[in-house]
Amino acid sequence: GENVEQHPSTLSVQEGDSAVIKCTYSDSASNYFPWYKQELGKGPQLIIDIRSNVGEKKDQRIAVTLNKTAKHFSLHITETQPEDSAVYFCAASTVTGKLIFGQGTTLQVKP
Amino acid sequence: EPEVTQTPSHQVTQMGQEVILRCVPISNHLYFYWYRQILGQKVEFLVSFYNNEISEKSEIFDDQFSVERPDGSNFTLKIRSTKLEDSAMYFCASRGTGWSYTFGSGTRLTVV
């Protein structure tokens, strides 16, 4: 069935270091891959997304890479700051438009 | 920036009672969704709604659940007879013709 696996479940980095979160998906028809940041008590906030016809996308300190053959996509955050601390979710669309979410990664950036 | 608005932010209800969670999606969006997140777990799809009807629903969305878009602006999720395991954050989301979703801030439902 449709599934998205996300790793690691927790990630602790020093301020200024890079953080990488990885996801794999099962549905080869998925063509849209968003990443969300969720702060305590709030809804998921889109931080970056990528369509299947693109291999990489960058927005300032955040980048996403997609390997369609391997069904992998990753979030890269460079020069991490304490305000980057949050739960990050990857997701993959299905052909019907719903999103299948990964399990989430709790990122802690230590000052 | 346009927002998806959800009310109430927190709802406490007794087991067996009916609850209605309300959402105002972005005005020119066409697709509407409900997702839920049990504490500490992943966000799960419940139902999608397009052109005034349900387009897809998950196994979670059983006969106790229903959705409505009664007046062209609100989008509601009703749970007829709440169970303890319905306790979760419920997120409404909408999207237009593109793929990008906008999520609301959620309603925390606590069933006691």
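Here is the interface size for A with B: some 1600 Å² of accessible area buried, both sides summed, with a 1.4 Å probe. Summing Lys and Arg as +1 and Asp and Glu as -1 over all other residues whose Cβ lies under 13 Å from the Cβ of A:SER28 gives a net charge of 0.
What the Cα atoms of the protein assembly as shown give is an Rg and a Dmax of 17.5, 50 Å. Here the scattering of chain A is modelled by Debye summation over its C-alpha atoms, one equal scatterer each and no solvent; at q = 0.10, 0.17, 0.20 Å⁻¹ the log10 of I(q)/I(0) is -0.26, -0.74, -1.01. Once the mean of 1/r is taken over each pair of separate Cα atoms and inverted, chain B shows a Kirkwood hydrodynamic radius of 13.9 Å. Using a probe of 1.4 Å on the protein chains alone, the accessible area found for A:GLU56 is around 120 Å².
Counted by Cβ distance under 10 Å from A:VAL13, the other residues give a net charge of -2, where Lys and Arg count +1 and Asp and Glu count -1. Taken about its Cα centre, chain B carries a charge dipole of about 180 debye when Lys and Arg each add +1 at the Cβ and Asp and Glu each add -1 at the Cβ. Charge tally around B:GLU18: other residues with Cβ under 10 Å, Lys/Arg +1 each, Asp/Glu -1 each, net +2. Report B:MET15's accessible area, 1.4 Å probe, all protein chains in place, as a number in Å² to the nearest 10. B:MET15 has an accessible surface of roughly 110 Å² with all protein chains in place.
The values are calculated or read from the model by the stated rules, or taken from the named source; none is laboratory data. Just so we're clear, the structure is a prediction, and the values are computed from it rather than from any experiment. Here the Cβ is made from the backbone with ideal geometry for all residues, glycine too, and neighbour counts use every protein chain on show. Surface areas here come from the heavy atoms of the whole protein model, side chains and all, with no ligands, DNA or RNA. Shrake-Rupley method; radii C 1.70, N 1.55, O 1.52, S 1.80 Å.
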